[in-house]
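Undergrad: Can you keep this structure in mind? I'll have questions shortly.
The values are calculated or read from the model by the stated rules, or taken from the named source; none is laboratory data. Given the structure is predicted, the values throughout are model-derived calculations rather than measurements. Cβ: placed from backbone, ideal geometry, glycine included. Neighbour counts: every protein chain shown. The protein model used for the area step is the full one, side chains on, heavy atoms only, and it has no ligands, DNA or RNA in it. Shrake-Rupley method; radii C 1.70, N 1.55, O 1.52, S 1.80 Å.
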Amino acid sequence: MWDPDLGHETQLPRSGDDILAVGWLGKGHDFPCGEVRSEDLARLKEFVRRRSESMLRLLGGVFAGVHTCEICERCHGASNIAVLDGRRLWIAPEMITHYVEAHEYLPPASFLEALSLCPLPDSDEYQELAASFLRNRVQDSHAAAD
Ligand SMILES: [Zn+2]
């Protein structure tokens with residue numbers, strides 16, 4: 001289940017340089033610790049609350065099965081969240097809030113910045129951003145195939 005932060009392996013059926021994994025912590029793998037600003041944590045929780053509205057289903061659906069926190073084995077989660085800007089997409093497990101609160105995990109600064117700017121998943125702005133991200137990717141893959 002472990003993936004390095006900002007690695008390109010996610011559980012999505014698609015991958016690419018513009019899709020980044022964040023917060024896939026696993027036992028035996030060090031992770032960065034530090035203080036996450038309360039507004040960033042609150043924002044993260046908003047995304048988790050709206051996870052069913054996130055763009056993952058547009059990407060072909062992601063269901064990883066129930067995952068247990070490998071560090072304390074006391075928290076479980078099955079969903080993911082998607083944060084995006086115009087060019088990149090970050091995929092994080094819903095348990096990322098648990099990792100921050102219980103284990104002092106500090107997500108990458110680029111992710112936190114994108115999180116603060118990304119519209120909430122149940123907004124029209126988010127859905128438009130997600131649709132245009134996917135459209136651009138389809139165009140890119142066509143261009144690459146030519
Ligand atoms: Zn834990």
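Undergrad: I'd like the carbon and sulfur percentage of the solvent accessible area for region 19-145, probe radius 1.4 Å, heavy atoms only, ligands and nucleic acids excluded.
TA: Carbon plus sulfur share of accessible area: 49 percent.
Undergrad: Hey, another quick one. Going by a ≥ b ≥ c, the root eigenvalues of the Cα gyration tensor, does region 19-145 fall in the rounded group (a/c under 1.5), the prolate group (a/b larger than b/c) or the oblate group?
TA: Numbers: a/c = 1.82, a/b = 1.61, b/c = 1.13.
Prolate shape, in that a/c is at least 1.5 and a/b is the bigger ratio.
Undergrad: Still on this structure, I have one more. So, R0 is 25 Å and r is the distance between the beta-carbons of LEU134 and GLU9; what FRET efficiency does that work out to, to 0.05?
TA: Values: r = 20 Å, r/R0 = 0.78.
The value I calculate is 0.80.
Undergrad: Here is a further query. Using only alpha carbon pairs under 8 Å that are at least six residues apart, calculate the relative contact order of region 19-145 and give it in whole percent.
TA: On the way: 161 pairs, mean separation 42.1, N = 127.
Contact order relative to length: 33 percent.
Undergrad: Put a dot 7 Å past each Cα toward the Cβ at HIS76 and ASP122; how far apart are the dots in nm?
TA: Reported label-point gap for ASP122 and HIS76 is 2.5 nm.
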